[in-house]
Amino acid sequence: MNKYKIRAVIVIAAEILLIAMVNLILHKKNAEDRPYMVEIKRAADIIEETGRIPDIDGYTYVTDISKFNSQEQETGDYKVYEINGTLYRFVYTVYKYNKIFIVFNICTCILIFISISIFIYFYVTLVKPFNRMQALTKELAKGNLSTPVKAEKSRYYGDFLWGMDMLREKLEQDKIREYELLKEKKTLILSMTHDIKTPLAAMDLYVRALSDNLYEEDKKESILDGISKNLKEINNYVNGIAKASKEDAMDVVVNNGEFYIKNVLDVIRKYYMEKMSLLHIDFSVDMQENCLVYGDEDRTVEVLQNVIENAVKYGDGGYITITTGEEDDCRLITVCNSGKGPGEDEMLHIFDSFYRGSNSGNLGGSGMGLYICKKILHMMDGEIFAENKDGCFNVTVVLRKV
């Protein structure tokens, strides 16, 4: 039994206990006050004054009044009084439920039923899906990506669990793809290293022969040509290995289509507004005019996030502004951060892979962020460029209008 069930049982038990205590107190108070004695006294006074037995319909606790007969058997509670020389029997009940008491118990029972219903509803719609979600995150943390998430009809978690399952599938596909790429890379490197051995062995033989003067002078030139040829072959293999090492997971998937710039900037504004406030950085997004552009909306958000994260990391923390502009058939989105960027001699290389500017200092980073941004935008028929202007560092994303 999880904590939610335990707490639900405690709450329901507390309600039942409270109702029982209220009933017990009322019964005890009723017994102590002895209201039946008041009614017996009132009826006895009427008999004494009028000489007749009053109608018991006007009494709550007195159930019967008659002249006492010792031969008669009475199973209930009663008292005998002598009035005007005659004995009278007053039959009464100690407890008598009045309407208020009955209504109270009915209402409390309804309250318990509603409480149980609410607990069940919350358990089915919130707690149970959340427990499944907890199990999913634990499995993802362990690297278990093969177990699918059961579809949930809950309006609270349905879309979230569906998104988590999509994330799981994406991670699983990336994991499989990574293994395949790693396998292909290892196979390629093993193949190339094996192929390199052949020209190396030939060069080794040539060098030994030359060192032992096994060739005549007129043949040495052809031997040197053979060595040069093998060196070129080895160089080609080395370039192939270097290229293979760069073509790893840099392959990104871009789903080009049409989207509005406003959708992208709204996501960026919502994501960074609170974060910038916590960092005490003035942040603003100024969109002059919304328009339809060509590309991948999610990848465009990814590019802008990468640029903004660089602005936070390498800027001076003063301000970051995002503005839009127009040039020919293109839409421009410029991210400007206070503080000087890389030097002019470094501007030509900031979009190269593994390049880090002199302003990076001891800050962490791989030097791949802007390179990936450029690659994504080229796949979207777009462009990206940077410049130092008016004491600020500007990075501009260029998207083609539809």
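Of the peptides 17-25, 342-350, 305-313, the ranking by mean beta-carbon count within 10 Å, highest at the top, reads 305-313, 342-350, 17-25.
Of Cys107, Cys392, Cys373, how do they rank once you tally other Cβ atoms within 10 Å and put the fewest first?
Cys107, Cys392, Cys373
We did not get these values from a lab; they are worked out from the coordinates using the rules stated. Remember, it's a predicted structure, so these values are computed and weren't measured experimentally. Because the Cβ atoms are built from the backbone with ideal geometry, glycine has one as well, and the counts that use them run over all protein chains shown.
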